[in-house]
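Asks: What follows is a single structure, and I will ask about it in a moment.
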Amino acid sequence: MGGDVPKQFMPIGGVPVLMRTLQRFREYSETLKIILVLPHEQQDYWRTLRQEHHFDVPYQLADGGATRFHSVQNGLQLIPDDEQGVVGVHDGVRPFVGVDVIARCYEAARTHGAVIPVMPVVETLRHVEKGNVYRADYRLVQTPQTFSIQLLKEANRQPYRESFTDDASVVEAYGHAVTMVEGNRENIKLTTPFDMLVAECLSNR
């Protein structure tokens, strides 16, 4: 994002991004157990923000790791090894995920074991060397990526590979197929200053 403040703490409509994200999951379920994974050096700043905004959504805190894979490993350690059910992994900088999308992912994961929300590609795609490609063959992947707890724990015991770009790639490398369900167009990942402008518009809807 190019600034001094990590993007998950930047305000949208006066509310830090991460708080909006956690609140969206609380809207889905008042009893959902939330594990927040943050780099250790950012946790004091986060606690200060919580106090300033009187933010009281409950969660457990885990330290972030060197990669997404290792961060998820750290979060999973807070779930008992014999726990049954479903766990979702969500990007903290996707504050506009639809509550209906969260519900869809969790429900489908209870049946299929591994689920990701996706959206169709609306732009024309071009391969750098081969030219245009058929966009109907592709989907944009979002989060929460949702799994059987036992499946994701087992998959994350694999040695790390650079090809592990998201949780679905970890589970697929473990040998389990991933099911796709419909996401929502507003569920953007805030990455650039332009994304923050879009986010301000979305927050005013």
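The values are calculated or read from the model by the stated rules, or taken from the named source; none is laboratory data. Not measured: the values here are computed from a predicted model. Here the Cβ is made from the backbone with ideal geometry for all residues, glycine too, and neighbour counts use every protein chain on show. These accessible areas exclude ligands, DNA and RNA; they are computed on the full protein's heavy atoms, side chains included. Shrake-Rupley method; radii C 1.70, N 1.55, O 1.52, S 1.80 Å.
Asks: What Rg and what Dmax come out for the stretch 50-110 when only alpha-carbon atoms are used, in angstroms?
Replies: Cα only, the stretch 50-110: 13.8, 38 Å (Rg, Dmax).
Asks: Label the stretch 111-192 by shape, choosing from rounded, prolate and oblate, from the square roots a ≥ b ≥ c of the eigenvalues of the Cα gyration tensor; if a/c is under 1.5 it is rounded, and otherwise prolate applies when a/b is larger than b/c, oblate when it is not. Write down the numbers at each step before the final one.
Replies: On the way: a/c = 2.04, a/b = 1.58, b/c = 1.29.
It comes out prolate by the Cα gyration axes.
Asks: Where the accessible area of the chain is counted over protein heavy atoms with a 1.4 Å probe, how much of it, in %, is carbon and sulfur? Show your work: numbers first, answer last.
Replies: Numbers: 5780 of 11460 Å².
Answer for the chain: carbon and sulfur cover 50 percent of the accessible area.
Asks: Just the ratio, please: alpha-carbon radius of gyration of the chain over 2.2 N^0.38 Å, N its number of residues.
Replies: Details: Rg = 17.3 Å, N = 205, 2.2 N^0.38 = 16.6 Å.
So the chain has a normalised radius of gyration of 1.04.
Asks: Just by accessible area at a 1.4 angstrom probe, what is the order of 90, 54 from largest to smallest?
Replies: On the way: 90 40, 54 155 Å².
Correct descending sequence by accessible area is 54, 90.
Asks: Continuing with this model, one more query. On a straight-distance basis, which lysines could pair with residue 153 in a cross-link, Cα separation under 18 angstrom, same-chain partners fewer than 8 positions away excluded?
Replies: 33
Asks: Something else: To the nearest 10 Å², what's residue 165's accessible area with a 1.4 Å probe?
Replies: In the full protein context, residue 165 sits at about 110 Å².
Asks: In addition: For 19, 10, give me the order by solvent-accessible area with a 1.4 Å probe, most accessible first, ignoring ligands, DNA and RNA. Please report the intermediate quantities before stating the final value.
Replies: Details: 19 5, 10 50 Å².
Solvent-accessible surface, decreasing: 10, 19.
Asks: Here's another thing I want to ask about it. According to the square roots a ≥ b ≥ c of the eigenvalues of the Cα gyration tensor, what is the shape class of the stretch 1-89, taking rounded for a/c under 1.5, prolate for a/b larger than b/c otherwise, and oblate for the remainder? Don't jump to the answer; show the numbers that get you there.
Replies: Details: a/c = 2.04, a/b = 1.33, b/c = 1.54.
Oblate, because a/c is 1.5 or more while a/b does not exceed b/c.
Asks: Still on this structure: For 201, 105, give the ranking by accessible area with the largest first, probe 1.4 Å.
Replies: 201, 105
Asks: When ligands, DNA and RNA are left out and all protein chains stay put, how many square angstrom of accessible area per residue does the chain have with a 1.4 Å probe? Let's see the in-between values first.
Replies: Values: 11460 Å² over 205 residues.
Spelled out: the 1.4 Å probe surface of the chain, per residue, equals 56 Å².
Asks: Just need the relative contact order of the chain here, percent rounded to a whole number, with Cα pairs under 8 Å and 6+ apart.
Replies: Details: 317 pairs, mean separation 49.7, N = 205.
About 24 percent, as a whole number.
Asks: Can you list the DSSP H helices in the chain whose Cα atoms extend at least 18 Å along the helix axis and whose mean Kyte-Doolittle hydropathy is 1.0 or higher? Intermediate values should be presented prior to the final figure.
Replies: Numbers: long enough: 99-112 (19 Å, -0.03).
The qualifying helices: there are none.
Asks: Go through 97-104, 127-134, 174-181 and give me the packing order, highest mean Cβ count within 10 Å leading. Could the numbers behind the result be given before it?
Replies: Numbers: 97-104: 18.1, 127-134: 7.9, 174-181: 14.5.
Descending mean neighbour count gives 97-104, 174-181, 127-134.
Asks: Also: To the nearest 10 Å², what's residue 163's accessible area with a 1.4 Å probe?
Replies: So the heavy atoms of residue 163 present about 70 Å² to solvent.
Asks: Further, regarding this structure: Give me the accessible area of residue 28, 1.4 Å probe, in Å² rounded to the nearest 10.
Replies: It works out to around 60 Å².
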